[in-house]
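Asks: Here it is, the structure in full.
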Amino acid sequence: MRAKSNSILIIGESGVGKTHYGAQVLKRLMKGDGQLRMDGAAINLQPFEAAMESLNEGMAAGHTATTTYVDSIWPIADAGGAKGELVWPDYGGEQIKSISSTRRIPSAWRVRVLSSPAWILLVRLQQTLVSDDIFSRPLSALRGASSENREVRISDQARLIELLQMLLYVRGAISSERLRTPRLCVLLSCWDELSTNECPTAALEQRLPMFANFVASTWDRPMVFGLSALERPLSPHNRDTDYVARGPEQFGYIVLPNGERSPDLTLPIQRLLVGDV
Amino acid sequence: MNACSRSNCFAPETTCDLGFFDRSNCPSWKGRVESPGGQDEALSDELVLPWSGSALGLVDLGFVAGCKKPLVVGVAGPQNAGKTTLLAAWYLLVGRGLACSEKRKFAGSYSFGGWEAVAGSLRWTPGLLPNFPPHTTSREGRAPGLLHLAFRDADAQPRSYLFADAPGEWFQKWALNRDAVDAEGARWVAGQADVFLLVADCEALSSANMGSARGSLQLLARRLAAERADRPIALVWTKSDIPISSAMAVAVREAVLGTMPDAAEFSVSIVPSAEGGADKGHGLIELLNWTLNIRRKPVSLPPVNATSADPLFMFGAR
């Protein structure tokens, strides 16, 4: 790990779980039993104060305001003792939606895209669908149907791929070889919703095949992990007694590429920063 | 919105044609005519993109063709033959991961909006019935829409493809009169395409108008044979779930294979195949694989007529 600042670009739409993951990562860093741990005390924990409070009480964190974009800087050390700083953002997911729909990238985002060596893309598989199409019904059901005006709603896969294409264009990383930088990690968030034992790559290929193909074609060694930051759905109003009793540090896991689960939420970040497979 | 004074530049919707990152520095932008009463938009610091995501126009092609000329696939056929449906079905197969294999993976597209518009009619959204794409009306003088797909081979070579989605009326007019004024788009496809797919509509060839359908297909086949100059071509029977009489099949084959004996032949249908398993229509993936495997012939330069063995004097006027 280098001693300079390591800023991660987190890409995720509204509702994928960026704030929950950030709060849980912070708590894991402070607990100190993972691949990465907090080296001393962070100067400012305020950006995640509200989220940590909610999780301590066993409740879901509130929606991050649209215009928020805050970078937290946490001093970290890895298992080998190398130290550095992790720059971790939190922002309102509508900003990503706005980039996708207006096809304009604000200059602040441009700076972040250019400067970050590693990207984490959070995808909540349960939110995306591959729509049913004509192949699932017999042709005879169509004859005689009148054509109506319908507005074209871009599919989830196409929207995700187009977003990545736009960010790669901004970064200037269009190449005939597979990309080595920026390194990409796809986190399939809210894994507990899926109730599956598949390995993450298979789950992605099954639910978002075109997107999985695109990621495999474009990046040299993209990492795909499953993530459940909370292990269960939390309500914003009712307390979860387990959480209150044991603390949110005891909850949350990632799913490794071979399908095993690990409670170390800092593992994907460590792999990204070091550049390991 | 004030348009740039250069006819090829579509700022401020897309990036400046001359490459100025900040539009206000571009001399053509500064020289544009201000529309009366129009307000100059506040110069935002947002970055725009050089592609809009819709089907690519001729000027938009510069972005995807800059690195290497993509393989242009010209889908030709009379109206209602199923040309657009074929493209839509391919996009849906790619979207479901059925068109990709270990040897070739999908690697992106710069015209997702165009693909989704074409395929939107075939997709179920809650409450709406899928239908064949609306009839693409002929727009005189305007270019056909080009839909872009990129694939990466197992040996890590990226390849781009452009699929021309054009109304059938253009091809019918072009078949009758090669230099027709309103067949400009068909001439573009004929000139630029690297591979042709001639679509024969089984439904039309078995309907009451089968005679005129056969006639227009024969004209188009003859025109393509004259204009294609050794480029690969495939005869594609669409809606092949509908049977046609053997006499008709013989007549069409004679017209196509008679003038173009090296044409490949495929039958496609979007009706699901009889055996169970993934629903991928019939013949669509085979045709797509054949199309994606086409390569342009390498150019061979004429031999050098050297006047001397010394490299410095090899080409001289002596």
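The values are calculated or read from the model by the stated rules, or taken from the named source; none is laboratory data. Predicted model only: the values in this text are computed from it and were never measured. FYI the Cβ positions are ideal-geometry reconstructions off the backbone, even for glycines, and counts take in every protein chain you see.
Asks: Of everything in the stretch B:274-318, what is at pLDDT below 80 and buried (at least 16 other Cβ atoms within 10 Å of the Cβ)? Give them in sequence order.
Replies: Correct list: B:Asp279, B:Lys280, B:Gly281.
Asks: If I filter the stretch A:179-195 down to residues being surrounded by fewer than 17 Cβ atoms within 10 Å (Cβ to Cβ) and not small (Gly, Ala, Ser), which single residue comes out as farthest from the other protein chains (Cβ to nearest Cβ)?
Replies: Only one residue fits best here, namely A:Glu193.
Asks: Residues being without any contact (Cβ under 8 Å) to a residue 60 or more places away in the chain and assigned to a helix (DSSP H, G or I): count how many of those fall in the stretch B:199-244.
Replies: Qualifying residue count for the region: 15.
Asks: Return the residues of the stretch A:208-247 that are assigned to a helix (DSSP H, G or I), away from every other protein chain (no Cβ under 14 Å) and of a type in the set (A, V, I, L, M); say none if nothing qualifies.
Replies: Correct list: A:Val244, A:Ala245.
Asks: Could I ask something else about it? Going by the conditions given, is B:Val271 over 20 Å from B:Lys173 (Cα atoms), surrounded by fewer than 21 Cβ atoms within 10 Å (Cβ to Cβ) and modelled with pLDDT of 90 or more?
Replies: Against the criterion (over 20 Å from B:Lys173 (Cα atoms), surrounded by fewer than 21 Cβ atoms within 10 Å (Cβ to Cβ) and modelled with pLDDT of 90 or more), B:Val271 does not qualify.
Asks: Whether any residue in the stretch B:120-140 is modelled with pLDDT of 80 or more and of a type outside the set (Phe, Trp, Tyr) is what I want to check.
Replies: No, the stretch B:120-140 has no match at all.
Asks: Right, another one. So which pairs qualify, if the first residue must be in the stretch B:288-302 and of a type outside the set (Gly, Ala, Ser), the second must be modelled with pLDDT of 85 or more and part of a loop (DSSP other than H, G, I, E, B), the Cβ gap must be under 6 Å, and the two must be at least 6 apart or on different chains?
Replies: From residues that are of a type outside the set (Gly, Ala, Ser), the pairs are B:Ile294/B:Pro232; B:Arg296/B:Asp194.
Asks: So, one more: Within the stretch A:1-101, considering only strands (runs of 3 or more DSSP E) that don't extend past its boundaries, which have at least 2 residues that are not hydrophobic (A, V, I, L, M, F, W, C)?
Replies: Once the strands (runs of 3 or more DSSP E) in the stretch A:1-101 are filtered for at least 2 residues that are not hydrophobic (A, V, I, L, M, F, W, C), what remains is A:5-11, A:69-78, A:83-91.
Asks: Same structure again: Residues in the stretch B:141-166 that are surrounded by fewer than 20 Cβ atoms within 10 Å (Cβ to Cβ), at pLDDT 80 or above and away from every other protein chain (no Cβ under 14 Å): how many?
Replies: Summing the residues that are surrounded by fewer than 20 Cβ atoms within 10 Å (Cβ to Cβ), at pLDDT 80 or above and away from every other protein chain (no Cβ under 14 Å) in the stretch B:141-166 gives 0.
Asks: A follow-up question, please. Scan the stretch A:110-121 and tell me whether some residue there is closer than 17 Å to A:Ser14 by Cβ, surrounded by 16 or more Cβ atoms within 10 Å (Cβ to Cβ) and more than 14 Å from every other protein chain (Cβ to nearest Cβ).
Replies: Yes, the stretch A:110-121 contains at least one residue that is closer than 17 Å to A:Ser14 by Cβ, surrounded by 16 or more Cβ atoms within 10 Å (Cβ to Cβ) and more than 14 Å from every other protein chain (Cβ to nearest Cβ).
Asks: Quick check: anything in the stretch A:90-98 basic (Lys, Arg) and either surrounded by fewer than 20 Cβ atoms within 10 Å (Cβ to Cβ) or within 14 Å of chain B (Cβ to nearest Cβ) (or both)?
Replies: The answer is yes, given that some residue of the stretch A:90-98 is basic (Lys, Arg) and either surrounded by fewer than 20 Cβ atoms within 10 Å (Cβ to Cβ) or within 14 Å of chain B (Cβ to nearest Cβ) (or both).
Asks: Within the stretch A:41-53, can one find any residue that is touching a helix residue (DSSP H, G or I) at 6+ places or on another chain (Cβ under 7 Å) and among the charged types (D, E, K, R)?
Replies: For the stretch A:41-53, residues touching a helix residue (DSSP H, G or I) at 6+ places or on another chain (Cβ under 7 Å) and among the charged types (D, E, K, R): absent.
Asks: Can you confirm whether the stretch B:212-224 contains a residue that is crowded, with 18+ Cβ neighbours inside 10 Å, farther than 25 Å from B:Glu286 by Cβ and modelled with pLDDT under 85?
Replies: No: zero hits.
Asks: Sticking with this structure for a sec: Mind listing whichever residues of the stretch A:250-277 are in a helix (DSSP H, G or I) and within 19 Å of the chain's Cα centre (by Cα)?
Replies: A:Leu267, A:Pro268, A:Ile269, A:Gln270, A:Arg271, A:Leu272, A:Leu273, A:Val274
Asks: Quick one: how many residues across the stretch A:230-258 are modelled with pLDDT of 90 or more, touching a helix residue (DSSP H, G or I) at 6+ places or on another chain (Cβ under 9 Å) and either surrounded by fewer than 18 Cβ atoms within 10 Å (Cβ to Cβ) or closer than 25 Å to A:Pro182 by Cβ (or both)?
Replies: Qualifying residue count for the region: 4.
Asks: Given the criterion closer than 16 Å to A:Asp78 by Cβ, touching a residue at least 24 places away in the same chain (Cβ under 8 Å) and under 21 Å from the mean Cα position of the chain (by Cα), identify the matching residue among A:Gly40, A:Gly34, A:Gly15.
Replies: A:Gly34
Asks: Any residue in the stretch A:85-94 that is of a type in the set (A, V, I, L, M) and in contact (Cβ under 8 Å) with a residue 60 or more places away in the chain?
Replies: Yes, the stretch A:85-94 contains at least one residue that is of a type in the set (A, V, I, L, M) and in contact (Cβ under 8 Å) with a residue 60 or more places away in the chain.
Asks: Consider only pairs whose beta carbons are under 9 Å apart and that are at least six residues apart or on different chains; among these, list those whose first residue lies in the stretch A:112-127 and is at pLDDT below 85 and whose second residue is surrounded by fewer than 21 Cβ atoms within 10 Å (Cβ to Cβ) and part of a loop (DSSP other than H, G, I, E, B).
Replies: Correct list of pairs: A:Gln126/A:Leu194; A:Gln127/A:Gly15.
Asks: Quick one: how many residues across the stretch B:256-266 are small (Gly, Ala, Ser) and in contact (Cβ under 8 Å) with a residue 40 or more places away in the chain?
Replies: Selection size over the stretch B:256-266: 1.
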